[in-house]
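Structure first, then comments.
The values are calculated or read from the model by the stated rules, or taken from the named source; none is laboratory data. Note that the structure is predicted; figures quoted are calculated from it, not measured. Ideal geometry is used to build each Cβ from the backbone, glycine not excepted, and the neighbour counts take in all protein chains shown. The area values use the complete protein model at the heavy-atom level, side chains included, leaving out ligands, DNA and RNA. Shrake-Rupley method; radii C 1.70, N 1.55, O 1.52, S 1.80 Å.
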Amino acid sequence: MKRLFVIIATLLIFGQTLLFSDENDFSKYDNLSVSIKYYDRTMYYPGNPDTNPVFVHISIKNNSTETMRFKLADDRMFSVDFNGYTIKNLQLPQTEKVIRKRTSNQTVYFREIALETGEEYSFVENFKDYIEIQEPSVYYIELKFYPELYKSKYLNVTSNRLALEIRPSPSAASSSVLPVKDKSAELLKPEEISPDKVVEQTIIARQKSLWDQYFLYLDVESMLQRNASAKRKYISSSAEERARMLKNYRADLMQSRIDNDIVAVPEKFEIERTVYSKTEGTVTVTEWFKYPNYREKKSYVYKVRQREGIWQIYDYTVTNLGTE
């Protein structure tokens, strides 16, 4: 009887070992390498992942002589992790967004990617979506890629490290004065001003063709998704494709190729009514547009919402009030 117990125990241990070896083959992805570099590098400041993102270009390469396959989640947070370290090698905390997604019960959609020898697959992610950065300093960042998704995070490939310099936030300009000489949005910082002031500064910036300041309080991502077909395409696109779509959308606005009402230049305007709660609001504005033989009068209702203390315009409606 004792001998039978030993045989059964041995078989159980052997079976568990086989199961572990099949499902957790750590050498399976030895020839898969991951590298990171900055995408469209600029000046970086603390906080504000939407207005001052840290876009990182991620490349996954097959260095073996055989075809390699891995899973890639539609939501990249289930495929990659960023780690950030201080100069004292202390690890930076993850964002609430990452923690909330990974602890909630949800279906993770993914596709299988096959790479032939020497082939690469690349995409772009915002480092600030993953890691909290609240203080200016020099940090070191790296990425972990999960070929079998986050649920199998014990299987991972680690990238190279990059140095990340976070500069002190530039001092905020007076809410009543728009800086005319600034030519780069990298040097501008949105202020915690009221919704009516946000709309006022946005319209004035457009009147003066100060595009950097015009986009300062405009939620470009939400504005792009006002169009149903553009929204479907945006949602189904990779991070790199989304970044390209946003860039093109900005360019189209500046050339008045789309959404002409939001970029139309009024001769004058009057803010009629402002209503808002802690997070949402509307600003109603009467605007006059001058043409050779007449003036057109329109009523704009700008929809605004607050993110991290900053109000942004994310939608609008226009009503024609006739001509004068």
Among the residues of the range 113-120, is any of a type in the set (Gly, Ala, Ser) and touching a residue at least 40 places away in the same chain (Cβ under 8 Å)? yes
Among (1) at pLDDT 90 or above; (2) surrounded by 13 or more Cβ atoms within 10 Å (Cβ to Cβ); (3) polar (S, T, N, Q), there is one condition SER137 misses while meeting the rest; what is its number? (1)
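In the range 39-82, how many are of a type in the set (Ser, Thr, Tyr) and out of contact with any strand residue (DSSP E or B) (no Cβ under 7 Å at 6 or more places or on another chain)? Before the answer, list the steps.
Taking the range 39-82 first, the residues of a type in the set (Ser, Thr, Tyr) are 39, 42, 44-45, 51, 59, 64-65, 67, 79.
Among the residues that remain, those that are also out of contact with any strand residue (DSSP E or B) (no Cβ under 7 Å at 6 or more places or on another chain) are: 42, 51, 64-65.
The number of residues fulfilling the criteria is 4.
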Scanning the range 193-243 residue by residue, those in a loop (DSSP other than H, G, I, E, B) and either over 16 Å from the mean Cα position of the chain (by Cα) or of a type in the set (Gly, Ala, Ser) (or both) turn out to be ILE193, SER194, LYS208, SER209, LEU210, ARG226, ASN227, SER236, SER237, SER238
Hits in the range 225-246 - residues which are of a type in the set (D, E, K, R) and within 16 Å of GLU125 (Cβ to Cβ): GLU240, GLU241, ARG242, ARG244
So which residues in the range 296-313 are open to solvent by 50 Å² or more (accessible area, probe 1.4 Å), at negative phi and not polar (S, T, N, Q)? LYS297, LYS303, ARG305, ARG307
Out of TYR249, TYR316, I need the residue that is closer than 29 Å to PRO49 by Cβ, open to solvent by less than 50 Å² (accessible area, probe 1.4 Å) and in a strand (DSSP E or B). Which one? TYR316
Among residues belonging to the range 268-295 that are in a strand (DSSP E or B) and open to solvent by 80 Å² or more (accessible area, probe 1.4 Å), point out the one that is farthest from ARG307 (Cα to Cα). LYS290
What do you reckon, is ASP219 at negative phi, acidic (Asp, Glu) and crowded, with 19+ Cβ neighbours inside 10 Å? yes
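I'd like the residue in the range 66-75 that is within 16 Å of GLU125 (Cβ to Cβ) and surrounded by fewer than 18 Cβ atoms within 10 Å (Cβ to Cβ) and, out of all such residues, is nearest to the chain's Cα centre (by Cα). I'd like the intermediate steps shown before the answer.
Let us first name the residues in the range 66-75 that are within 16 Å of GLU125 (Cβ to Cβ), namely 72-75.
Right, trim to surrounded by fewer than 18 Cβ atoms within 10 Å (Cβ to Cβ) and you get 73-75.
Working: ALA73: 16, ASP74: 14, ASP75: 12 Å.
It comes out as ASP75.
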I need a count of the residues in the range 140-171 that are over 20 Å from the mean Cα position of the chain (by Cα), polar (S, T, N, Q), surrounded by fewer than 17 Cβ atoms within 10 Å (Cβ to Cβ) and in a loop (DSSP other than H, G, I, E, B). 2
Considering only the range 20-41, state which residues are modelled with pLDDT under 90 and either open to solvent by 100 Å² or more (accessible area, probe 1.4 Å) or in contact with a His (Cβ under 9 Å, 6 or more places away or on another chain) (or both). PHE20, ASP22, GLU23, PHE26, LYS28, ASP30, TYR39, ASP40, ARG41
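Can you tell me how many residues in the range 55-112 are of a type in the set (Val, Ile, Thr), touching a residue at least 12 places away in the same chain (Cβ under 8 Å), within 23 Å of SER236 (Cα to Cα) and in a loop (DSSP other than H, G, I, E, B)? Explain how you work it out, then say what you get.
Kept after step one, since they are of a type in the set (Val, Ile, Thr), are these residues of the range 55-112: 56, 58, 60, 65, 67, 80, 86-87, 95, 98-99, 103, 107-108.
Keeping just the survivors that are touching a residue at least 12 places away in the same chain (Cβ under 8 Å) gives 56, 58, 60, 65, 67, 80, 86-87, 95, 98, 108.
Then drop every residue that is not within 23 Å of SER236 (Cα to Cα), which leaves 56, 58, 60, 80, 98, 108.
When the remaining residues are screened for being in a loop (DSSP other than H, G, I, E, B), the result is 108.
Residues in the range 55-112 being of a type in the set (Val, Ile, Thr), touching a residue at least 12 places away in the same chain (Cβ under 8 Å), within 23 Å of SER236 (Cα to Cα) and in a loop (DSSP other than H, G, I, E, B): 1 in total.
Quick check on the range 105-115. Is at least one of its residues surrounded by 13 or more Cβ atoms within 10 Å (Cβ to Cβ) and within 22 Å of TYR45 (Cβ to Cβ)?
Residues of the range 105-115 surrounded by 13 or more Cβ atoms within 10 Å (Cβ to Cβ): 108, 110, 113, 115.
Still in the running and within 22 Å of TYR45 (Cβ to Cβ): none.
Within the range 105-115 (the criterion being surrounded by 13 or more Cβ atoms within 10 Å (Cβ to Cβ) and within 22 Å of TYR45 (Cβ to Cβ)), the answer is no, since none of the residues qualifies.
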